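Read through the structure below, which is laid out as structure tokens, and then see the notes.
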Amino acid sequence: MGFTMAEILLSLTIIGIVAAITLPSLTGNINERTWNTQRKALYARFSQAISLMPSLNGYGTLKEASSEGASDAVDTAAETFVTDGLAKVLKINNICDSEHLADCGFPEKLTTFAGNAINSVPRTLVELNNMFNSTFVNGYGARYRYSQIDTKVAAFETANGESILTYYNPYCVADMGEFGSFYSQPKMCANFVYDLNGKKGPNTVGKDIGVITVLYPSDSVVVAPVPLAINAGVVSQVNAGKACKAQDSESRAPNREEVAAMFYNKILFDMGWNIWSSTVISANGENYGVCMYYDTGHWALRNRNDNMNLRCVKR
């Protein structure tokens, strides 16, 4: 039995409608799987490379201007970290200074995790997060003090085709096992903002764009948090793991270095509230939860039963 032309046209129309509805979703899923695979591979390569470096601080030259408006400032910190340090343990094809980022394939315009447009990528630590630009001193001891000199970004392309921005702190310090509340900024040695596919797009944080952060100059910790799209709610740290599992079975609560990484990349993640980490510290016979105060950059200890915001991350 044959089909009439009208029946054939109706069938083709239905197929076209179904394809139009399902194709974007299928394409999105394929892209997401591809990005996840690339992201994990990049993280593995960086973790291995960082482990081969004896120390992450002390690279380059930093000299502040002799007076306001003077042009004698020198900043080779991030660029030297890449050329003299990272390039010896990681395959790098091209290195660019802060004035020529496009030559390393990094797009100028980005979309943040919250969907806001950035028309010019951050070119210094301070542009990445304005909490990197001050000297803080108060009456509560050394843990409440830090002095940060702003540094310029450098960029490079990997042998696998990723474009990487590098923000560097040559004066980063080790984990001293401090107890109580203290600034996390001095612990950051290097922060990388990567684009998995260069200028192709969508150039969006959480998709083809993400971060890898390295804390502590030796015995370094390398993290690459990918937060879920929405907050998991206001919960206690005791219930944080359960809340993440309920939100997405493939997620977990971030550790303290991961919440710090999201804070360091403040302009990209747009997270302006305090959040729990999964890290627990024992002191004086008690267990305390570590949270991040996003208005200052503090790691602080709180009662684990206190309620606070939670942002889960992908496994």
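Coordinate-derived values only; no laboratory data. All of these numbers come straight from a predicted model, not from anything done at the bench. When we count neighbours, we look across all protein chains shown, and the Cβ atoms used for this are built from the backbone with ideal geometry, even at glycine.
Evaluated with a Cβ-only charge set (Lys, Arg +1; Asp, Glu -1), the chain carries a dipole of roughly 940 debye about its Cα centre, given to the nearest 20.
Size descriptor for region 6-224, Kirkwood hydrodynamic radius: 19.4 Å (Cα pairs only, one decimal).
Within the shell defined by Cβ-Cβ distances under 13 Å, the residues around Tyr167 carry a net charge of -1, with Lys and Arg each +1 and Asp and Glu each -1. FRET efficiency for the pair Asp84 and Ala41, taken as 1/(1 + (r/R0)^6) with r the Cβ-Cβ distance and R0 = 25 Å, rounds to 0.50.
Once backbone amide H atoms are built at 1.01 Å from N, Ser236 has Met308 as its partners under 5 Å, excluding neighbours fewer than 5 places away on the same chain.
In this label model, Ser120 and Asp72 are separated by 2.7 nm, measuring between points 7 Å along each Cα→Cβ vector.
Spin-label model, Leu52/Met176: points 7 Å from Cα along the beta carbon direction are separated by 3.3 nm.
Think of the chain as a dipole: +1 on every Lys or Arg Cβ, -1 on every Asp or Glu Cβ, centred on the Cα centre; then among Leu125, Leu228, Ile14, Ile14 lies furthest on the positive end.
Neighbours of Ala190 by Cβ distance under 14 Å: Lys/Arg scored +1, Asp/Glu scored -1, total -1. Computed over region 226-315, the alpha-carbon pair-distance distribution with 5 angstrom bins reads 3, 16, 28, 26, 17, 7, 2, 0, each value a whole percent.
Applying the Karplus relation 6.51 cos²θ - 1.76 cosθ + 1.60 with θ = phi - 60° to region 183-192 yields 3J(HN,Hα) values of 5, 8, 3, x, 7, 7, 9, 9, 10, 10 Hz, where x marks Gly and Pro. Phi angles across region 171-181 convert, under the Karplus curve 6.51 cos²θ - 1.76 cosθ + 1.60 with θ = phi - 60°, into 3J(HN,Hα) values of 10, 4, 10, 6, 6, 9, x, 4, 10, x, 9 Hz, Gly and Pro given as x.
When peptides 102-111, 290-299, 256-265, 36-45 are ranked by their average number of other Cβ atoms within 10 Å per residue, the highest-first order is 256-265, 290-299, 102-111, 36-45.
Placing pseudo-labels 7 Å out from each Cα toward the beta carbon at Glu286 and Asn93 gives an inter-label distance of 5.5 nm.
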